[in-house]
Amino acid sequence: MVAAVLIGSAEILEQTVHVRETLKEVLAALAVCTLAVDITVLNTPDLQAKLEDNPYGGLNLLLKRTSHFPPTEGLSEVISVIGRRTGTIKDVVQDGDVVIQFANDTTVRIAVEAVAGARTGQIITITWEAPKGIRLEDCINLGSRHWYGGPQQKRQYWPIERLTLVDYAYVTKEADNCGVAEPYWLNSEGIFYYFDKKVPLFIDQNDLEKNAACFIAQVKPPYSSKRDRNELIYAVGIFDDVRKAHEYAVEKYLGKPSGVPDALMMKYPIWSTWARYKNHVNHDVVLKFADEINSNGFPNSQLEIDDLWEVCYGSQTVDVDRFPNMKNTVNMLKGKGFRVTIWTHPFINKGCEPWYTEALKKGYLVSSEYGSVETSWWNDNGTTTAYVDFTKPEARSWYVGRLENIQKAYGFDSYKFDGGESSWAPQIPVLKGDIRDQPGVITADYLRAAAQFGPITEVRSGYRTQDLPIFVRMIDKDTYWTFENGLPTLITTLLQMNMNGYPLVLPDMIGGNGYNEEPTKELFIRWLQANTFMPSMQFSYVPWDFDNETIELSKKFVQLHAKYSDQIMTACQRSVRDGSPVNPPVWWIAPNDTAAHDIWDEYLLGETILVAPVVERGSRERDIYLPAGGWLEQGDPSRRLEGGDWIRNYPAPLDTLPFFVRV
């Protein structure tokens, strides 16, 4: 009987608990209903924005735009879903800004600012704050628009809506050739997104949601767990067209170069030992290389001595077995008409003594949160390496001072600085400065140290360093015809870098680096042609390794580049004045031309020269799109064309680079 009573009591208690839980759920649902969001964020005659509940979680940001030319009433469109994982709303306050508090101690503030002046628009700033254990996630609808900016990639598709990025940590890194990682997305309808450097940012594009890019803030590697809170802060810029939007983003967020690189580097080719000789360099090799360049009648801006001139990596000490008298080598090269630059990097291999131990004892090496300085790079040679900590002023001075000493001793004109991406540091790195600016700050501090060596300097990475007046080199290209880091990506990487605010682009070696195989004659010539109207030319593989025709065609395009070097310099100077891209996409001069928005295999020099290289193996013709207006084929006044349409099957034999000068 007692057992039966206990069982009955338990059943009653269980039913009571169930009723209470059901009641709690009903009350919670009612609470959500009472705080259902339908808030007007922005209301002007031309533009309205509002927040509404999304039935699957989060809030829809709806945009409605009205056009007056021609008059059209816009449709409301969800451009993004914010707060997809934040849960129940606790409170909504409108005090000019919109402030929404959630039950999980997460808050979002939405502020609106009108932009007046030459470019009118609206900036919506979204600021999320949350405990560091909470993941913040806002997703944008890629829609039918085209998108630009984004990360530098090995498979550099353009426009970038074609990229797939899976939980992608948005830092500079060796993986995927992500040497430039600016948190900037721009679309063909004049809307951009720009993220604050405090954000521990990840991107998930075309993965969690198809045709969407989700911007995620999460305190997890490669970001330090020592952050106090999590933040997702970004601006949404809304302008009349894509060009105006980008111009404002440059003015307000991206920045512009503070000066121009060396004029001789723009006019005549750099000759590098790397692709042709790899690390098999010595006194005799570099002098023979210089003699070949001169005897074949090619001009130069400088000769770059690449890997391996050191006794060990990071020593910054000349290997006398390779270069018994480096000062004499440099003087002989200068006597032959060459300036001389030399390759360097931010690493010191373990066992490279006494320099490794000196840096370790002085605390000049990046250490991980676990207390280790050991990491890896492409020249480990069976050991480990360490990364000089450029966030420490004393380590930076030590590194720069050693380079200044050998520059003075041997007469080098400047340096090619390799590496610099934050991923080379031991993970998770402990760096100086604001924890919220890590790990990207080490890239910036390394590049700023490099820039001290003047306008002949080149680097290969970028993190909020658009102001530096030096060339940023594309990361090594492969000797392919394909988007697997081959010839097509020479153009798309050029566009990606320009539209992230890095217009001073140094293309990689003509013909690629030959890691898979050496370039064929056809690939070499087409690569050279594609490079002709870019800011600088860089040879390592040489025309005389092919045949006389290749030598003559190479001279033709080297001379063509030199002929237009004044226009290249003018474009660079304009970039300094107003941040304009040196090599913009075709839509730059036709921002409302939808046909131009998707073009990846043409580019401009400034606003007057359109270049349409052949990048398909075996092709002797190609389709070319010319924006509206008059164009001169090959700059010839007797060969005028009217733009505004495609030219189908334009002839382009191996000796021809299609280009057009705007009237």
For Val340, all conditions in the list (1) within 22 Å of Glu458 (Cα to Cα); (2) touching a Gly at 6+ places or on another chain (Cβ under 9 Å); (3) surrounded by fewer than 19 Cβ atoms within 10 Å (Cβ to Cβ); (4) not aromatic (Phe, Trp, Tyr) hold save one; what is the number of the exception?
-> (3)
If you check Ser638, Ser554, Ser619, Ser580, which single one turns out to be part of a helix (DSSP H, G or I) and of a type outside the set (Lys, Arg)?
-> Ser554
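Condition first: within 18 Å of the chain's Cα centre (by Cα) and crowded, with 22+ Cβ neighbours inside 10 Å. Can you find one or more residues in region 127-146 that meet it? Explain how you work it out, then say what you get.
First, the residues of region 127-146 that are within 18 Å of the chain's Cα centre (by Cα): 146.
Checking which are crowded, with 22+ Cβ neighbours inside 10 Å leaves us with 146.
Among the residues of region 127-146, at least one is within 18 Å of the chain's Cα centre (by Cα) and crowded, with 22+ Cβ neighbours inside 10 Å, which makes the answer yes.
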Evaluate the following for Trp343: is it assigned by TED's automatic domain parsing to the domain that holds Ala395 and either basic (Lys, Arg) or under 30 Å from Ile435 (Cβ atoms) (or both)?
-> no
Right, Val441: more than 18 Å from Lys392 (Cα to Cα), in contact (Cβ under 8 Å) with a residue 24 or more places away in the chain and among the hydrophobic types (A, V, I, L, M, F, W, C) or not?
-> no
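Before we move on, is Leu61 within 19 Å of Ala217 (Cβ to Cβ), of a type outside the set (Gly, Ala, Ser) and either touching a strand residue (DSSP E or B) at 6+ places or on another chain (Cβ under 7 Å) or surrounded by fewer than 19 Cβ atoms within 10 Å (Cβ to Cβ) (or both)? Show your work before the answer.
Details: within 19 Å of Ala217 (Cβ to Cβ): yes; of a type outside the set (Gly, Ala, Ser): yes; either touching a strand residue (DSSP E or B) at 6+ places or on another chain (Cβ under 7 Å) or surrounded by fewer than 19 Cβ atoms within 10 Å (Cβ to Cβ) (or both): yes.
Here the answer is yes, as Leu61 does meet what is asked.
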Taking region 148-179 and keeping only residues that are part of a strand (DSSP E or B) and without any contact (Cβ under 8 Å) to a residue 60 or more places away in the chain, one is left with Leu165, Val166, Asp167, Tyr168, Ala169
Given (1) closer than 24 Å to Thr479 by Cβ; (2) surrounded by fewer than 17 Cβ atoms within 10 Å (Cβ to Cβ); (3) of a type in the set (A, V, I, L, M), where does Val611 come up short, assuming only one miss?
-> (2)
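With closer than 21 Å to Leu504 by Cα and buried (at least 19 other Cβ atoms within 10 Å of the Cβ) as the only criterion, which of Tyr223, Tyr268 stands out? Before the answer, list the steps.
Numbers: Tyr223 fails: closer than 21 Å to Leu504 by Cα.
Being closer than 21 Å to Leu504 by Cα and buried (at least 19 other Cβ atoms within 10 Å of the Cβ) holds for just one of Tyr223, Tyr268, which is Tyr268.
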Please indicate, with yes or no, whether at least one residue in region 522-531 is free of Cβ contacts under 8 Å to residues at least 60 places away in the same chain, over 22 Å from the mean Cα position of the chain (by Cα), outside any loop (DSSP other than H, G, I, E, B) and at negative phi.
-> yes
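Quick check on this structure: which one of Leu51, Leu75, Leu62, Leu42 is under 30 Å from Asn211 (Cβ atoms), of a type in the set (A, V, I, L, M), modelled with pLDDT under 80 and in the same structural domain as Glu231 (by TED's automatic domain parsing)?
None of the others qualify; the one that does is Leu75.
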Do we have any residue at all in region 608-623 that's of a type in the set (Ser, Thr, Tyr), touching a residue at least 40 places away in the same chain (Cβ under 8 Å) and either touching a helix residue (DSSP H, G or I) at 6+ places or on another chain (Cβ under 8 Å) or assigned by TED's automatic domain parsing to the domain that holds Gln496 (or both)?
-> yes
For Asp97, the lone unmet condition from (1) more than 28 Å from the chain's Cα centre (by Cα); (2) within 25 Å of Asp241 (Cβ to Cβ); (3) surrounded by 13 or more Cβ atoms within 10 Å (Cβ to Cβ) is (2)
With the checklist (1) under 29 Å from the mean Cα position of the chain (by Cα); (2) closer than 28 Å to Val542 by Cα in hand, flag the one item Thr384 doesn't pass.
-> (2)
Taking Asn141 and the conditions (1) closer than 14 Å to Asn206 by Cβ; (2) at pLDDT 95 or above, which numbered condition does it fall short on, given that it satisfies the others?
-> (2)
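Hey, among the residues in region 345-403 that are among the small types (Gly, Ala, Ser) and more than 12 Å from Pro426 (Cβ to Cβ), which one's surrounded by the fewest Cβ atoms within 10 Å (Cβ to Cβ)?
First, pick out the residues of region 345-403 that are among the small types (Gly, Ala, Ser): 351, 359, 363, 367-368, 371-372, 376, 382, 386, 395, 397, 401.
With more than 12 Å from Pro426 (Cβ to Cβ) added as a condition, the list becomes 351, 359, 363, 382, 395, 397, 401.
Values: Gly351: 14, Ala359: 21, Gly363: 12, Gly382: 6, Ala395: 21, Ser397: 13, Gly401: 9.
Step by step, filter region 345-403, then rank; the result is Gly382.
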Given the conditions (1) surrounded by 22 or more Cβ atoms within 10 Å (Cβ to Cβ); (2) out of contact with any helix residue (DSSP H, G or I) (no Cβ under 8 Å at 6 or more places or on another chain); (3) small (Gly, Ala, Ser), report the number of the one that Gly314 does not fulfil.
-> (2)
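Being assigned by TED's automatic domain parsing to the domain that holds Leu308, touching a strand residue (DSSP E or B) at 6+ places or on another chain (Cβ under 8 Å) and in contact (Cβ under 8 Å) with a residue 60 or more places away in the chain, is that true of even one residue in region 347-360? Reasoning before the result, please.
Quick first cut of region 347-360, residues assigned by TED's automatic domain parsing to the domain that holds Leu308 only: 347-360.
Among the residues that remain, those that are also touching a strand residue (DSSP E or B) at 6+ places or on another chain (Cβ under 8 Å) are: 347-350, 355-356, 359-360.
Filter once more, keeping what is in contact (Cβ under 8 Å) with a residue 60 or more places away in the chain: 347.
The answer is yes; a qualifying residue exists.
Go through the residues of region 426-437 one by one and say whether even a single one is assigned to a loop (DSSP other than H, G, I, E, B), surrounded by 21 or more Cβ atoms within 10 Å (Cβ to Cβ), among the charged types (D, E, K, R) and under 24 Å from the mean Cα position of the chain (by Cα). Give the derivation first.
Here is the first cut: in region 426-437, the ones assigned to a loop (DSSP other than H, G, I, E, B) are 426-428, 431-434.
Subset that is surrounded by 21 or more Cβ atoms within 10 Å (Cβ to Cβ): 426, 431.
Subsequent filtering for residues that are among the charged types (D, E, K, R) retains none.
No, region 426-437 contains no residue that is assigned to a loop (DSSP other than H, G, I, E, B), surrounded by 21 or more Cβ atoms within 10 Å (Cβ to Cβ), among the charged types (D, E, K, R) and under 24 Å from the mean Cα position of the chain (by Cα).
Please verify whether Leu264 is assigned to a strand (DSSP E or B) and in contact (Cβ under 8 Å) with a residue 60 or more places away in the chain, treating the condition exactly as stated.
On the way: assigned to a strand (DSSP E or B): no; in contact (Cβ under 8 Å) with a residue 60 or more places away in the chain: yes.
No: the conditions fail for Leu264.
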Conditions (1) aliphatic (A, V, I, L, M); (2) in a loop (DSSP other than H, G, I, E, B); (3) crowded, with 24+ Cβ neighbours inside 10 Å; number of the one not met by Leu495 | (2)
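The values are calculated or read from the model by the stated rules, or taken from the named source; none is laboratory data. None of the values given here were measured: they were computed from a predicted structure. Here the Cβ is made from the backbone with ideal geometry for all residues, glycine too, and neighbour counts use every protein chain on show.
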